[in-house]
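Peer 1: Just passing along the structure, written as structure tokens.
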Amino acid sequence: HWLNTFRLRAAYGQSTQQPGSIDALRFYAQAAVRKEALSASGVSIANLGNADLKPELSQEIEAGFDAGLLDDRVTVEATFFYKQTKDALIEREIVPSLGTTSSQFFNLGQVSNRGIELRVDTRIIDSPDIAWDLTFTGSFTDNNLDELGEGIEPITLGFIQRHVEGYPLGGIWDRPILSFNDANGNNIIEPGEYTVGDTAEFRGPALPTREFGLRTSFAFFRNLFNLGALFDYRGGHWIENGTDSFRCGGGIIYCRELVDPAASLEDQTNAAAYTYGDPNGFTEWGFFEPAWFIKLRELSLTINAPDRIARMLGVSRASVTLSGRNLWTIDDYSGIDPEVNGFGQGREGGSNFAATDFFSQPQVRHWVARLNLGF
């Protein structure tokens, strides 16, 4: 009596992604030449190309179920997926001594993505005077570079992100801070009072591994008022606080943590290890932070005019909506907003993998008022 419908489903598919239209081609760019230096080259290599480049192949299998419960007042969807990509199109840095471009596309190895997606829709209250809907969505995703290719060294993206076999794509890596101690008791961490590892270690993934959403809506007084809200959560990933590391890289003039005894010893160590380094080198390890957040993504109120009022206005229906976006955030990030990408869609940091806050603008908070008229 409580289970109305139950459906099992499964699917399999393949797709390919072509390289960019000119990624495989070698071509040149015009270079200005002075009249007295006619023997100099008038062109330079604009794209090194790769004649062996081919499309990457992806194949995916998914399985799940849909269920309707309690007279379909509750519906549940659950899906497991596994996606494997071979001959992945990866842009690699190449040695400067070749005298060409700084990067080149290759077909490399194998990448896999697996996870679970969930959705629950509920009608908690359903009456002529009031209705309350609640929708929950969630996903867990595991990304892994299964194979990079024989003889291929880990690929560096920007400064601190890498493609490393056996780890998530674009993961964050650097030498860890192993220990620190205020040996002389002056409440200032100085060179020699901390230890940095000699080998870069994996700090965490750059992309979220968990995402949840909660949407709720209320309708009051026979749908005269509608109140809606949307909460977003993302977590399981890390971000580089490039704003703070850049500031402390400028030395004691700009970095409070290098000179203020009131700053925590851990913060002082993070700044000193990046500014002064140690025999094993410099590290940004202390400027990597968990990037989880919960946001009130949207809050809206809609007032629907009664039919009598709409007719007075000469329309069949009318409503007014006031909505706000990005109104409230909970996080542990010391910067302005963990939901930023300091490199936009550029190639630095690996485009889609970039996880750096570098003097970035936070998500904009704004309000919108809208009048809807139907004829």
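The values are calculated or read from the model by the stated rules, or taken from the named source; none is laboratory data. Being a predicted model, the structure only gives us computed values, none of them experimental. Here the Cβ is made from the backbone with ideal geometry for all residues, glycine too, and neighbour counts use every protein chain on show. To get the accessible areas, we keep the full protein, side chains included, count just its heavy atoms, and leave off ligands, DNA and RNA. Shrake-Rupley method; radii C 1.70, N 1.55, O 1.52, S 1.80 Å.
Peer 1: Do any trypsin sites (Lys or Arg not before Pro) in segment 129-231 lie in a loop, going by DSSP, with at most 13 other beta-carbon atoms within 10 Å of their beta carbon, and if so which? Write out the running numbers ahead of the final one.
Peer 2: Numbers: sites: Arg162, Arg203, Arg210, Arg215, Arg222; in loops: Arg222.
Of the trypsin sites (Lys or Arg not before Pro), the ones in loops of segment 129-231 whose Cβ has at most 13 other Cβ atoms within 10 Å are Arg222.
Peer 1: Okay, next question. Among 12-18, 310-316, how do they line up by average Cβ neighbours within 10 Å per residue, starting with the highest?
Peer 2: Working: 12-18: 10.7, 310-316: 12.3.
For the peptides 12-18, 310-316, the packing ranking is 310-316, 12-18.
Peer 1: Measure nothing fancy, just the Cα-based angle from helix 265-275's long axis to the longest principal axis of the chain, in degrees from 0 to 90, nearest 10.
Peer 2: Value to nearest ten degrees: 50.
Peer 1: If you don't mind, another one. Roughly how many percent of the accessible protein surface of the chain is carbon and sulfur, given a 1.4 Å probe and a whole-percent answer? Each step should come with its number before you reach the end.
Peer 2: On the way: 11950 of 21700 Å².
So the carbon and sulfur contribution to the accessible surface is 55 percent.
Peer 1: Add -39500 (n - 2.57) for each DSSP H run of 4 or more in the chain, then divide by its residues: what number comes out at 222 nm, to the nearest 500 deg cm²/dmol?
Peer 2: Taking each H run of at least 4 residues, the total per residue is -2000 deg cm²/dmol.
Peer 1: Quick one, which of (i) 5, 15, 21, 21, 18, 12, 6, 2, 0, 0; (ii) 4, 15, 24, 26, 17, 10, 3, 1, 0; (iii) 5, 17, 21, 28, 22, 7, 1 is the actual P(r) over Cα pairs in 10 Å bins from 0, in percent calculated for this model?
Peer 2: Structure-derived value, by its label: (i).
Peer 1: Rounded, prolate or oblate: which fits segment 163-235 when a ≥ b ≥ c are the square roots of the eigenvalues of the alpha-carbon gyration tensor, with rounded for a/c under 1.5 and prolate only if a/b beats b/c?
Peer 2: Working: a/c = 8.28, a/b = 2.21, b/c = 3.75.
Taking the square roots of the gyration eigenvalues as a ≥ b ≥ c, segment 163-235 is oblate.
Peer 1: So what is the relative contact order for the chain, in percent, with contacts set as C-alpha pairs under 8 Å and at least six apart?
Peer 2: Values: 932 pairs, mean separation 41.4, N = 375.
About 11 percent, as a whole number.
Peer 1: Which three extents, in whole angstrom, do the alpha-carbon atoms of segment 135-197 cover along their principal axes, largest first?
Peer 2: 50, 48, 18 Å, listed from the longest principal axis down.
Peer 1: Which of Asp307, Asp278, Asp72 ends up with the largest GNM mean-square fluctuation for the chain, with Cα atoms connected below 10 Å?
Peer 2: Asp307
Peer 1: Which one of Gly158, Pro168, Phe140 is farthest out on the positive end of the charge dipole of segment 126-190, using unit charges on Cβ (Lys, Arg +1; Asp, Glu -1) and the Cα centre as origin?
Peer 2: Gly158
Peer 1: Rounded, prolate or oblate: which fits segment 110-245 when a ≥ b ≥ c are the square roots of the eigenvalues of the alpha-carbon gyration tensor, with rounded for a/c under 1.5 and prolate only if a/b beats b/c? Each step should come with its number before you reach the end.
Peer 2: Values: a/c = 4.39, a/b = 1.87, b/c = 2.35.
Judged from the Cα gyration tensor, segment 110-245 comes out oblate (a/c at least 1.5, b/c at or above a/b).
Peer 1: While we're here: Any idea of the accessible area per residue across the chain, 1.4 Å probe, to the nearest Å²? The partial results should precede the final answer.
Peer 2: Details: 21700 Å² over 375 residues.
Accessible surface, normalised per residue, equals 58 Å².
Peer 1: What does the net charge come to around Asp182 if you take all other residues with beta carbon closer than 12 Å to its beta carbon, with K and R at +1 and D and E at -1? All intermediate terms of the calculation are to be shown ahead of the outcome.
Peer 2: Details: positive: none; negative: Glu190, Glu193, Glu266.
Around Asp182, the surrounding residues sum to -3.
Peer 1: Going by a ≥ b ≥ c, the root eigenvalues of the Cα gyration tensor, does segment 222-328 fall in the rounded group (a/c under 1.5), the prolate group (a/b larger than b/c) or the oblate group? Before the final figure, lay out each step's value.
Peer 2: Working: a/c = 5.22, a/b = 4.03, b/c = 1.30.
Note, shape of segment 222-328 comes out prolate.
Peer 1: With labels modelled as points extended 7 Å from the Cα through the Cβ direction, what inter-label distance (nm, one decimal) is found for Ala10 paired with Arg123?
Peer 2: 3.4
Peer 1: Rank by packing, highest mean first: peptides 141-154, 76-89, with packing defined as the count of other Cβ atoms within 10 Å averaged across residues. If you can, show how the numbers build up before the last one.
Peer 2: Working: 141-154: 14.9, 76-89: 17.1.
Packing proxy ranking, top to bottom: 76-89, 141-154.
Peer 1: What FRET efficiency, computed as 1/(1 + (r/R0)^6) with R0 = 51 Å and r the Cβ-Cβ distance, is obtained for Val320 and Ile294, rounded to the nearest 0.05? Mind showing how you got there, number by number?
Peer 2: Values: r = 29 Å, r/R0 = 0.57.
According to the calculation, E is roughly 0.95.
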